[in-house]
1. How much solvent-accessible surface does Tyr317 expose, in Å² to the nearest 10, with a 1.4 Å probe and all protein chains in place?
2. Would you give the gap between the C-alpha center of the range 371-427 and the C-alpha center of the range 738-753, rounded to a whole Å?
3. For a 25 Å ceiling on Cα separation, which of these pairs sit above it: Lys212/Lys255; Lys330/Lys714; Lys226/Lys348; Lys255/Lys398; Lys238/Lys419; Lys212/Lys348?
4. Measuring with a 1.4 Å probe in the full set of protein chains, what accessible area per residue, in whole Å², belongs to the range 196-238?
5. Would you mind working out the accessible area per residue for the range 352-441, using a 1.4 Å probe, and quoting it in Å²?
6. For the range 474-535 and the range 544-596, write down the distance between their C-alpha centroids in whole Å.
7. Please report the projected area of the range 127-263's Cα convex hull averaged over all directions, in nm².
8. Going highest first, how would you order 390-396, 379-385 by mean Cβ packing within 10 Å?
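The values are calculated or read from the model by the stated rules, or taken from the named source; none is laboratory data. Keep in mind it's a predicted model, so treat the numbers as computed, not measured. Cβ coordinates were reconstructed from backbone atoms using ideal geometry, including for glycine residues, and neighbour counts include every protein chain displayed. In case anyone asks, the SASA skips ligands and DNA or RNA and just uses the protein heavy atoms, side chains included. Shrake-Rupley method; radii C 1.70, N 1.55, O 1.52, S 1.80 Å.
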Amino acid sequence: MREKFRSAWSASVRWLTPSTRAWRAAAWTLLTVTVILWLIGGAILFLTREAQLGTLAVYLCFTVIVPSVGLLIRLAINLLRIPNRLFSWISAACLAVLILTFMGQAIPQVAYGFAIIVLLACCILGAGVAALRAGERTAQAYLYAILGGATLLAGAGFLLWNGTHRDAPPDASKMGAATTGPVAVAKITLPDPSLPGTYRVRTLTYGSGTDKHRLEFAAGATLKTKSVDGSAFIDNWKGRAAWFRTRYWGFDSKKLPVQGRVWYPEGAGPFPLALIVHCNHSMEDFSDPGYAYLGELMASRGIIFVSVDENFLNSSYSDLFGLPGDAGLKEENDARGWMLLEHVRQWKEFNETNGNPFQGHVDLARVALLGHSRGGEAVAVAAMFNQLPYYPDNARIKLGYNFALRGVAAIAPVDGQYKPAGVGTVFENVNYFVLHGAADGDVQSFHGSRVYHRVKFSGSDYHFASTLYINDANHGQFNSGWGRFDNGRDISSRLLNYAQIMPPDDQRRIAKVYLSAYLEIILHDQMGYLPLFQDHRAAGANWLPNGIYLHQFKDSTEQMVATYQEDLDVTTTTLPGGKCWGDKLCDWKEHMVSLKWGDMDTRAVFLGWNTKESKQPASYTITLPDTGVTATPESSLIFSMADAKQDPSAFDLDKKDDDKEKKKDNDKDKKDDKKKDEPIDLTIEVSDSAGETARLPLSAAGRLQRQIETHVLKFDWMAQTKRNEPLFQSFAFPLRAFASANPKWNAASLRSVRFIFDRTEKGVIILDDVGFRAAANRGR
């Protein structure tokens, strides 16, 4: 029996072992497919941006170096002693090229896997075709040809396939919220802010007059500007990579041009000024034209709108010549923010210069800054620098701009790439708005929420901050030139799940509605749009596409009772004299809130409950201090809340987990996934000094949205980043709504606020920023 098995095994091996002709054909097929993929990658590289010597040099170097690395590996390990020398050399070189081709968007294992699959498929196909061409019409030859060809076709089909759209949990805002009464969201009666205004729009550009690559900033520039020295704010503009950068642009960090595209309303003015800056896209694929859709809109509504050129601070393939070491500029976002302030300085000069077309036409008491991605961090840096007398990294450099900056807005920003003195950017009494998409394939974590938590307000002037999280919005479509290609255009970008991304017109419509409304508030004092930044349901009919929108909101009229930043005692409140206590909770702890990348720069209280185990509803109570809280019937109780997407701990800590019961509960949960995805509801109870209580369900204002899992790549297992993170929602309950529930309850003698977990069986929520908003709030 053993001899028969050995004989059959030997026959199978002989049948599968390629001939010399097959080895040779496999090698040439593999080489052909690899060269085609490499040339496609090169075509994408050069056709989607302006070619430059550095990029060409990098491409040619990789064409030589990467296969050479593969050859050295082959020399070192002799490629498992494959008998055919030609095949072993070619396969080693091609494998290295294929790995580089697929590297980028997903985990490294995906690149390795794709490379090996392409290698094996090419080899099998080549061997089969060679045999068939030689007249060997055997089952082996047909099997090789069909299997190899089918695998390559399947791979090509996978890359061309756009992926699948996976639905988010149910939209909490559409489940049970009151449509009438004091908690209901009133519709804004003002016109749709995304519609063009009444002003005729004109355009021009300003620049150095010597731009080597774009006529509009060279001879075509209407206004000529002087360069500025940014060397103190830029690290690593030096060495081999810097040589290519300087040669391409024609200047170095000591002579940065002040250049921009301008859309402005026709008329005497003076008009407010808004500037937007792009992100770290490829420097040869110019980014500043991609905000024309915003420029046209804002100018028609009476705002001078500028798209700032900072492409010279962006990355390039030529930066790879900086290796080993730092490739490209290092931590340059402070330079991006500083450049924005230099642009505002330039506009001050325009406004004051006799004969300038903008002389006396610019209202420099009303200035706003907007930024996308790294530009989104740059506007926060600019807001901070604008309030500082000196550069925090080098006090010999004077800042002291003190422009009348009304607000900043960030689109899918990063945060923390520039940290002065090791801390995040902080600014005070400047309005802040940030929007971010769940399908962002570049900045995959909601970093703008960190800045939101650091913004501070003081004094009597009104200010606000708001966040907006948009399901199915990506990174690139906020710029009309980038489209769906988050994080660059190459073959690996085909691993992105394009089917998850909303249509580009819808995404830019959201940007137009919110950014226009924001500028109307801060530059034109049109406060009627403010409710939009507290709740998207305030939008007029057909303003926004259908989808999930999550908001967090705060303003300068708020009095915080509990922010959970003050100490490690879970029973104390931020406002001295108050107390916190829990009853029948499975979890009760104060902790830093985590994001996909890092944390949210804020602590909050985590509260878990399981009514099935506790037998009675759990609750969390905040008792107010005897003095210090100013609340009237016109005030609102406010708080922020997020789903922690965690299972609550066991209620009885002394009881060991019963494996059978735990398995039974897990099986039940798996069968009831729909119920687990349902938004969270609970009860809010307030009491007064006389013992009277009044209750309202959370769902009267809107339930708590479950965490949204993101599906950036075609298959989730490919992703390098977690698929979900906490997303805070702000809730506001007018105290008169509680008085309507119980007329005997007295808002003036409010004593405690209790969160009762009686409407969703179990869960863990994150609670933060509990306090009161004064009736002076100009919004809801």
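1. The accessible area comes out at roughly 80 Å².
2. Cα centres, the range 371-427 to the range 738-753: 43 Å.
3. Lys330/Lys714; Lys212/Lys348
4. 57 Å²
5. Ligands and nucleic acids excluded, the figure is 34 Å² per residue.
6. 29 Å
7. Over every viewing direction, the Cα hull of the range 127-263 projects on average to 22.6 nm².
8. Packing order, densest peptide first, comes out as 379-385, 390-396.
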